[in-house]
Amino acid sequence: MKKLVVLSGAGISAESGIKTFRDADGLWEGHDVMEVASYDGFVKNKELVLDFYNQRRRQLHEVNPNRAHEILVDLERFFNITIITQNVDDLHERAGSSNVIHLHGELFKVRSLEDETLIYDWKKDLTIDSRNEKGHSLRPHIVWFGEQVPEMERAIKEVAQADIILIIGTSLQVYPAAGLIDYADYTKEIYYIDQNPADTRFFNKSIKTIANKATIGMQSVFDELTQLKPF
């Protein structure tokens, strides 16, 4: 089977009802991003940051995967697929995708403030009083601004081995994630689906751009990719 690597961003989750970072009425409205998405912000006002992510976590209980997520699962019949996502939701997993790398963390997980290797599934509110079995305080398992991206090296290896790359719903402006495409040296085809696609000329890659929302663009790509032979 050919190796298909998917780079997904907020645009694929938007059709499920999850607000995106860059929307005028989006996730961060009313907050300076550094107040709710940086370690310094967390230290200064833990209650504000925890409430912010508690609201996002509650919303995630109310939404479901959309057809774009489902088509990626359908493609597993034809390709060896790895999804590298900037999204902190679990919609890829709930749709049934079997190999997902979360670059920016996961909303339904928390970790110890004293030992970052202690990570826990967490679907309820997180409070200042929340503790693990060792009595450690907990924080959202989210990669905040200024923090290292632990899964970046693994993601680079996946992109470097890809036969086909599919980019869905991302501005290609958030680094280091946007830099992953630079490692696609031997990729035969690159598809880019976004309602407001970025200018891809500076990537020096041959990229087929589909200026449409994820559900429509994914159906088009599915139809094209499943005609490729051999698998």
### Query
Near the amide H of I84, under 5 Å away, which other amide H atoms are found, from residues 5 or more places off or on another chain, if H is placed in the peptide plane?
V6, L7, S8, I101
### Task
Would you tally the net charge around I164, using a Cβ to Cβ cut-off of less than 10 Å, leaving I164 out, and scoring K and R as +1, D and E as -1?
+1
### Query
For the chain, what is the charge dipole size about the Cα centre, in debye to the nearest 20, if Lys and Arg each add +1 at the Cβ and Asp and Glu each add -1 at the Cβ?
440
### Cα gyration tensor of region 118-212 - equivalent ellipsoid semi-axes, whole Å, descending
35, 16, 12
### Task
Please report, to two decimal places, log10 I(q)/I(0) for region 41-101 at q = 0.24 Å⁻¹ as given by the Debye formula with identical point scatterers on the Cα atoms and no solvent.
-0.95
### Query
Out of the DSSP beta bridges found with both residues in the chain, what percent are antiparallel (nearest 5)?
25
### Message
Using Stokes-Einstein with the Kirkwood hydrodynamic radius over Cα pairs, what translational diffusion coefficient do you get for the chain at 25 °C and a viscosity of 0.890 mPa s, in µm²/s rounded to a whole number?
### Response
133
### Query
Which ³J(HN,Hα) values, rounded to whole Hz and listed in residue order, are derived for region 90-97 from phi using the Karplus coefficients 6.51, -1.76 and 1.60 in 6.51 cos²θ - 1.76 cosθ + 1.60 with θ = phi - 60°, glycine and proline given as x?
10, 5, 4, 5, 5, 6, x, 5
### Query
Picking from P140, P176, P65, which is most flexible by a Gaussian network model of the chain using Cα springs under 10 Å?
P176
### Query
Of the cross-linked pairs K3/K123; K19/K123; K109/K205; K134/K157; K19/K109, which ones have a Cα-Cα span greater than 30 Å in the structure shown?
K3/K123; K109/K205; K134/K157
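Each value in this text was obtained by applying a stated rule to the coordinates, not by laboratory testing. The model shown is predicted, which means the values in this text are computed figures rather than measured ones. Glycine gets a Cβ as well: all are built from the backbone with ideal geometry, and neighbour counts include every protein chain shown.
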